[in-house]
Amino acid sequence: MNAFTLLKDDHEKVAGILEKIDGTTERATKGREELFAQLKNELDVHARIEEEILYPALEEYEETRAIALEAYEEHALVKQLLEELASAPRMMNSGPRSSQCLRKHRAPCGRRRR
């Protein structure tokens, strides 16, 4: 398995967790909290791989430098949203809004595979 396949699989795993979160009811607080913890862990590991290995390599080339910089910015936004959700778990009850913001994280890798 190559690095891009691994990252793509990670994105699909995150999308699956987000779908599970969306499928829960407002009463499923414990389930949402468990899914959120799993989501945060997956995103932390994934972001670390991209930020420590992939993005520095992309920054070395003029053609891909802008993509790397945009991806760093998107990671910062995702991390900020995760912190906000972690500090106010009840926000996870807003499910679709939160998941839509987090789903946008998938775009940069998809664009790079072209």
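Just so it is clear, none of the values below were taken in a lab; they were calculated from the coordinates. Values in this document were obtained by computation on a predicted structure and should not be read as measured data. Virtual Cβ from ideal backbone geometry, glycine too; neighbours counted across all protein chains shown.
With a Förster radius of 30 Å applied to the C-beta separation of Glu26 and Ala57, the computed FRET efficiency comes to 0.10. Of Glu84, Glu62, the sequence from fewest to most neighbouring Cβ atoms within 10 angstrom is Glu62, Glu84.
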